[in-house]
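Q: Take this structure, written in structure tokens, and hold onto it; I'll ask about it next.
Throughout, read-outs are computed from the coordinates displayed, never taken from laboratory work. Quantities reported herein were computed from a predicted structural model and do not represent experimental measurements. Here Cβ is always computed from backbone atoms with ideal geometry, including for glycine, and neighbour counts include all displayed protein chains.
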Amino acid sequence: MRAAGGDRQALNDFIEATHDDVWRLLAHLADADRADDLTQETYLRALGGLPRFAARSSARTWLLALARHTWVDSVRHDMARPRRSAEQWEDATELTTSPDTTGGQTWAELVDARAMLDDLAPDRREALILTQVLGHTYAEAADICGVRVGTIRSRVARARADLLAASGRATDTGADTGPDTGGGASLHWGS
């Protein structure tokens, strides 16, 4: 990768080509408010790690794995800090504005959907978001997460089952798990 050799234009091109993917992943793993800071932290780490990039995977996969590690580190850091009281959360929600685009969903539906995603086990949520929301193949998601493809497949299937159960819909043991590629498949919510 030319950017690792100090080529500033190659570095700028790399950042432009990958920025949206990194931000989207982090926005789904954390939230949109924290995605900017986590994206910046990811690129700071990437700049420091470029000389050691061994090209065992694509640069994009390496960067998304680095973004994932940045998010995990932020979660660990947050867990070590004191939590807000219920009163502080109420104050914060009063100041929060609704998203510009809701896709026709009410605010309550968006909150419910986000809460269901947040209730998923972190490894299942991550696999679901990488493959079904961000459109990565199962193989790419496996590289990003550092696990086998079969592990990603089972995490996605279990995440879907968990979401269906949480939404009150009956699950079918033969549930559609999407195409084998995992690229760009959409979630199937039943009838």
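Q: Does Ala10 qualify as being part of a loop (DSSP other than H, G, I, E, B), more than 28 Å from Leu128 (Cβ to Cβ) and of a type in the set (A, V, I, L, M, F, W, C)? Quick ask: steps written out before the conclusion?
A: Details: part of a loop (DSSP other than H, G, I, E, B): no; more than 28 Å from Leu128 (Cβ to Cβ): yes; of a type in the set (A, V, I, L, M, F, W, C): yes.
It is false that Ala10 is part of a loop (DSSP other than H, G, I, E, B), more than 28 Å from Leu128 (Cβ to Cβ) and of a type in the set (A, V, I, L, M, F, W, C).
Q: In the stretch 26-71, what residues are in contact with a Lys or Arg (Cβ under 6 Å, 6 or more places away or on another chain) and farther than 26 Å from Gln9 by Cβ?
A: none
Q: Could you list, in sequence order, the residues of the stretch 44-61 that are surrounded by fewer than 20 Cβ atoms within 10 Å (Cβ to Cβ) and part of a helix (DSSP H, G or I)?
A: Result: Leu44, Arg45, Leu47, Gly48, Gly49, Leu50, Pro51, Arg52, Ala59, Arg60, Thr61.
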